[in-house]
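The values are calculated or read from the model by the stated rules, or taken from the named source; none is laboratory data. Note that the structure is a prediction, hence the values are computed from the model and not measured. With ideal geometry, Cβ positions are generated from the backbone for all residues, glycine too; neighbour counts draw on all protein chains shown. Just so you know, the surface numbers come from the protein's heavy atoms only, side chains and all, with ligands and any DNA or RNA stripped out. Shrake-Rupley method; radii C 1.70, N 1.55, O 1.52, S 1.80 Å.
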Amino acid sequence: MDILAQLSTEHEYLRALLAHIESAAEAGDVAALTQSLEQAHNALATELDAHIATEEAETFAAIASALGDDLVAPFRADHAEIRATRDEVYERLGRGEAPFEASQRLCALLLSHQLREDLMLFPSAREAVSS
Ligand SMILES: [Fe+2]
Ligand SMILES: [Fe+2]
């Protein structure tokens, strides 16, 4: 499997976990939100950091050199915002709060970012490589 397909597969895996977090946060269900965030902790911490590191070190660098840095700059900015929001969610959870609003923000940020990678950035990268 090529690296872009691997990254998109990781998106799908994370999306399944985000669906639980999003519905628990929307419902204002403290127990379900806590459980879904605990269940997704590794995926949103270690695994998400590794995913972002791979994108930035391998994919974005190649896309930037082929198509210009302007194309990838917004995606790097998203990564910083996603990680800051992820940290906020787990800090609040650690303090015993139910981070409904921050969780919804995190899900929205991640879903929109993944969609733009899958539908725009990665296809552009494939085209740049094949041409
Ligand atoms: Fe990304
Ligand atoms: Fe990604």
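Here the chain is assigned +1 on the Cβ of each Lys and Arg and -1 on the Cβ of each Asp and Glu. Its dipole about the Cα centre then comes out at about 100 debye. Across the chain, the relative contact order, built from alpha-carbon pairs under 8 Å that are at least six residues apart, equals 32 percent. Reported value for the chain: 89 Å³ per residue, from the convex hull of its C-alpha atoms. Length available on full extension from E127 to A50: 0.36 nm per residue minus the Cα-Cα distance, which gives 25.2 nm. The trypsin sites (Lys or Arg not before Pro) of region 41-131 that DSSP puts in a loop, and whose beta carbon has at most 16 other beta carbons within 10 Å, are R95.
Rounded to the nearest 500, the helix-only mean residue ellipticity at 222 nm of the chain stands at -26000 deg cm²/dmol, with each DSSP H run of n ≥ 4 adding -39,500 (n - 2.57). Accessible surface area normalised per residue over region 1-84 is 52 Å², counting heavy atoms of protein chains with a 1.4 Å rolling probe. Ordered by solvent-accessible area of protein heavy atoms (1.4 Å probe), largest first, the residues V30, V72 come out as V30, V72.
Taken over region 1-57, the alpha-carbon convex hull comes to 71 cubic angstrom per residue.
Electrostatic tally near Q104: other residues with Cβ closer than 10 Å to its Cβ, Lys and Arg +1, Asp and Glu -1, net -2.
Counted residue by residue at 0.36 nm each, then reduced by the alpha carbon distance between them, the extension gain from Q35 to A62 reaches 5.9 nm.
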